[in-house]
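Undergrad: Dumping the structure here so I can ask a few things about it.
The values are calculated or read from the model by the stated rules, or taken from the named source; none is laboratory data. These numbers were taken from a predicted model, which means no experiment stands behind them. Only protein heavy atoms, including side chains, enter the accessible area calculation; ligands, DNA and RNA are left aside. Shrake-Rupley method; radii C 1.70, N 1.55, O 1.52, S 1.80 Å.
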Amino acid sequence: MNRAVPSERAAVASDADGKRSKTRGGGTPCHVAIIMDGNGRWAKSRGMPRVAGHHSGAKAVRRCVEAAIDQGVEWLTLFAFSSENWRRPEGEVMELTSLLKQYLRSEVAELAKQGVCFRVIGDRARFSPELRAEFDRAERETAGNHRLNLTVALSYGGRDEIVKAARNMAHAVQAGTLDVEAVDEQAFGRFLWTAAMPDPDLLIRTSGERRLSNFLLWQCAYAELVFMDVLWPDFDAAHLALALADFARRDRRYGASVG
């Protein structure tokens, strides 16, 4: 089953459709999700090792969090490490997990100071006990914050999430705790890692690639998509502002007819 989410955050997702987010006046998206792509290419273009791109990418995360707060975003979800990334060379995986540990140890206090509530979604079991303890600590120390809900997807795969949710829902039906006639989209959403989170209004992908790469497949059914040519380590407040401005110009109808 999913990890519990503080009840204060659940209220954000409580519109008539259950999980569909509502944007506020002025066109600011409530929930922005970002596929942070291009660290390796950024490093290669400068004749640097890939790990240098990941380190610069971590700095871009800080800029993005600060910009999201300044621009009124309430939920920010970052795709940091996919389930497929475990297939990368062992040395790079070790560098990535080491960087993640360093980031949590150095940034959690600052996140708490800025009023950021931090959480992790994904298959935590694949990480070391030490790193899982860091996840728990970061979530515990920021749990009472409401200025920005920052979710980081780690060892995450959208298809894997859906399969696990379907399996857990089947177990619930089998155990008699869920009536099969009560199975609908809203009920299914409660078995996802993103339970009690609003669905993304806007999905941004950097580096010029134009695909979802197995990220939030269920949740992004009605998200607006923005693809940007900037490599992630160069992403800053101005890029986020451009994406938000693009979003504000769009007419979101959720399949409803026009006129």
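Undergrad: To the nearest 10 square angstrom, what accessible area does Met169 show with a 1.4 Å probe?
TA: Near enough 20 Å² of accessible area.
Undergrad: For the stretch 78-141, just say rounded, prolate or oblate: build the C-alpha gyration tensor, square-root its eigenvalues into a ≥ b ≥ c, call rounded for a/c under 1.5, and beyond that prolate if a/b exceeds b/c, oblate if not.
TA: Verdict is prolate for the stretch 78-141.
Undergrad: How large is log10 I(q)/I(0) at q = 0.15, 0.17 Å⁻¹ when the Debye formula is applied to the Cα atoms of the chain, each weighted equally and without solvent?
TA: -1.15, -1.48
Undergrad: Can you list the aspartates and glutamates whose alpha carbon is less than 18 Å from that of Lys101, not counting same-chain residues fewer than 8 positions off?
TA: Filter leaves Glu90, Glu92, Glu110, Asp123, Glu130, Glu134, Asp136, Glu139, Glu141.
Undergrad: Explain nothing, just compute: Karplus ³J(HN,Hα) = 6.51 cos²θ - 1.76 cosθ + 1.60, θ = phi - 60°, for every residue of the stretch 98-114 in order, whole Hz, x for Gly and Pro.
TA: The phi angles translate into 5, 5, 4, 4, 4, 4, 4, 5, 9, 9, 4, 4, 5, 4, 4, 5, 7 Hz.
Undergrad: Specify whether the C-alpha gyration tensor of the stretch 116-259 places it in the rounded, prolate or oblate class, a ≥ b ≥ c being the square roots of the eigenvalues: rounded for a/c under 1.5, otherwise prolate if a/b is larger than b/c and oblate if not.
TA: oblate
Undergrad: In what sequence, largest accessible area first, do Thr177, Thr142 appear using a 1.4 Å probe?
TA: Thr177, Thr142
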